[in-house]
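Engineer: Have a look at the structure that comes next, please.
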Amino acid sequence: MKHWLTIPTAVLLLVWMFGCPAAVNAQDPQTEAPPKPAAKAYPAVGSGDDQETDQGPVAVQPDDHPLTGFQELTVGIAPEKHSYWIPGLSYTNAIQSNAVTQTGGFNWNSTNYITGNFSLLQNWSTSQLSVNYSGGGAFSTDSAIGNGQFQRFGAVETFDWRRVKLTFVDQFAYLPQALFGFGAGTGLATPGVGGSLASSLPGLRSDLTPQSIFTAIGPQYANSFGTQLNYELTPRSSVTVGGVFSILRYTDPGNIESNDVILSAGYNLQVSRTNTVGMSYQFSAYEFLGSPQAMGNHVVQVAYGKKITGRLALKVAGGPEITNFRVPPGIGTNTQYISGAGSAGLSYAFSAGNVSLSFNHGTNNGSGVLLGATTDQVTGSGNVKLTRVWSGNVNLGFARNTTVAGTNETQNQTYNTLYVGAGLQRPVGRNANFTLNYTANIQTSNNAVCAEVNCGTNFTTHIITVGLKWHARPFVIR
């Protein structure tokens, strides 16, 4: 069971190997491309690191990520030129009812999370490396849940050589439950020290790493590694090619483990200062360990994007999807299923906060419960400044997972999962942040779900969390 611990170590070694040539290039006296113009933007509220509440808007650079790429679009990127690293610690207490291992029960339990956090941002003349990590122990008063550990890791490295941009992304998680909704609104939700000082470059799109069914059995670990190349054909057009390899594993039997390979190619055309259109082709291969079944997925999409630096990022994409099965999925011999796939994402920043919404529809690996699933997923979050020191947040997510084209011979299995919550946060001194959150996790299904020894079709879990997150002052590298 310890072999998964080598994944973050291997990724750190990888990004270091790529970082060394970049450090050498920093000594190259060749002329750099002129900096992109900065624009005004409003920082995310509720980070706990922006202690000076009367600050004005901060400058950000335009988001230059390709429309057909594998990263989320943003309203802008902070133009941080310094290199630094930051350690931190956090404590979170989660009081919850009706845990998944107590389906249909009414008991309450308490779980304490003690976490060590780390963020690093390293800049060179032609590249940037961002690393965020959080890991620690979880200690529950419920013997059915027990004690354990959790790990979150994310790394992004970009190389920018005028017309060529190369990006590497790795995301790892070892969690006691599904990633979907875990720690929503709390410091557990994302790796690193959090706040405006965390080195935050956008990660992989959520539809590339789906895990949206609550009732998988036992802790799970997943890793996704992606690489992408964007080449500018003209100042207004570019082509993007890339790939993502993912694994999903579990510590306990009874789940469906999988390997995913996603390859894509796209064309991007900027038709005006704020509007971009594109077309992409994506091939996905899903292999299920211990099962003869496998899927190959072909998707062609037309995309539209609108970006107003510091204010708005919008993307809409859609097109046909063809799924091929290695083994006939149900009664009969049909091994091909034709449907549609689409996604939409919106990020909007205003003077007192920000909101984000996303939607995606398509075929994926089945989140460890199904041999492939057709998923409709909606997520949203918002942050707003309430007073001089207090901020509020809301978080929600809904996913509907069904078997692809009736892949189960006896019934079409359906899982509806929902998390919804709200919270408050405020700074404590200059380097700490206090959070208070409530979240409800709800799942309904058309067949009995057995967690441990209990079975049921529906369950609701109420979670109240109190947390304190601290980080040191940044240690400047150069």
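The values are calculated or read from the model by the stated rules, or taken from the named source; none is laboratory data. Computed from a prediction, not measured in an experiment: that's the story for all the values here. Glycine also receives a Cβ, built like all others from the backbone with ideal geometry; neighbour counts cover every protein chain displayed.
Engineer: Working only within segment 79-125, note down all residues that are at pLDDT below 90 and among the β-branched types (Val, Ile, Thr).
Structural biologist: Val100, Thr101, Thr103
Engineer: Please go through segment 355-404 and pick out each residue that is among the hydroxyl-bearing types (Ser, Thr, Tyr), over 27 Å from Thr215 (Cα atoms) and either at pLDDT below 95 or in a loop (DSSP other than H, G, I, E, B) (or both). Let's see the steps before the verdict.
Structural biologist: So the first thing to find is which residues in segment 355-404 are among the hydroxyl-bearing types (Ser, Thr, Tyr), and the list is 356, 358, 363, 367, 374-375, 379, 381, 387, 391, 402-403.
With over 27 Å from Thr215 (Cα atoms) added as a condition, the list becomes 387, 391.
Hit for segment 355-404 is Thr387, nothing else.
Engineer: Mind checking whether some residue in segment 315-332 is of a type in the set (S, T, N, Q) and within 22 Å of the chain's Cα centre (by Cα)? Before you say what the answer is, go through the steps one by one.
Structural biologist: Quick first cut of segment 315-332, residues of a type in the set (S, T, N, Q) only: 323-324.
Of the ones still in play, those that are also within 22 Å of the chain's Cα centre (by Cα) are none.
Scanning segment 315-332, I find no residue that is of a type in the set (S, T, N, Q) and within 22 Å of the chain's Cα centre (by Cα), so the answer is no.
Engineer: Next up: Looking only at segment 434-460, count how many residues are at pLDDT below 90 and assigned to a strand (DSSP E or B). Step through it out loud before you land on a result.
Structural biologist: Our first condition is that a residue be at pLDDT below 90; within segment 434-460, this holds for 445-460.
Retained after the next criterion (residues that are assigned to a strand (DSSP E or B)): 445-451, 454-460.
Result for segment 434-460: 14.
Engineer: If we keep just the residues of segment 140-166 that are touching a Gly at 6+ places or on another chain (Cβ under 8 Å) and within 19 Å of Asn123 (Cα to Cα), which is surrounded by the most Cβ atoms within 10 Å (Cβ to Cβ)?
Structural biologist: It comes out as Gly154.
Engineer: Identify the residue in segment 195-237 that is polar (S, T, N, Q) and assigned to a loop (DSSP other than H, G, I, E, B) and, among all such residues, is modelled with the highest pLDDT. Even if it seems obvious, please write down each step before you answer.
Structural biologist: Step one: list which residues in segment 195-237 are polar (S, T, N, Q), which gives 196, 199-200, 206, 209, 211-212, 215, 220, 223-224, 227-228, 230, 234, 237.
Now restrict to residues that are assigned to a loop (DSSP other than H, G, I, E, B): 196, 199-200, 209, 211-212, 215.
Values: Ser196: 73, Ser199: 64, Ser200: 65, Thr209: 83, Gln211: 82, Ser212: 86, Thr215: 77.
Once the filter is applied, the top-ranked residue is Ser212.
Engineer: Also, quick follow-up: Restricting to segment 249-288, name every residue that is among the β-branched types (Val, Ile, Thr) and at pLDDT below 95. Steps first, answer last, please.
Structural biologist: Applying the first criterion (among the β-branched types (Val, Ile, Thr)) to segment 249-288 yields 251, 256, 261-262, 271, 274, 276-277.
Result: Thr251, Ile256.
Engineer: Mind listing whichever residues of segment 235-251 are of a type outside the set (Lys, Arg) and within 24 Å of the chain's Cα centre (by Cα)? Please lay out each step first, then the result.
Structural biologist: Of segment 235-251, the ones of a type outside the set (Lys, Arg) are 235, 237-248, 250-251.
Correct list: Thr240, Val241, Gly242, Gly243, Val244, Phe245, Ser246, Ile247, Leu248, Tyr250, Thr251.
Engineer: Now, a different point. Scan segment 107-139 for residues that are farther than 17 Å from Arg152 by Cα, of a type in the set (Val, Ile, Thr) and buried (at least 22 other Cβ atoms within 10 Å of the Cβ) and report the count.
Structural biologist: 1
Engineer: Further question on the same structure: Restricting to segment 167-206, what's the tally of residues that are among the acidic types (Asp, Glu) and surrounded by fewer than 22 Cβ atoms within 10 Å (Cβ to Cβ)?
Structural biologist: Step one: list which residues in segment 167-206 are among the acidic types (Asp, Glu), which gives 170.
With the extra rule that they be surrounded by fewer than 22 Cβ atoms within 10 Å (Cβ to Cβ), the set shrinks to none.
Matching residues across segment 167-206 total 0.
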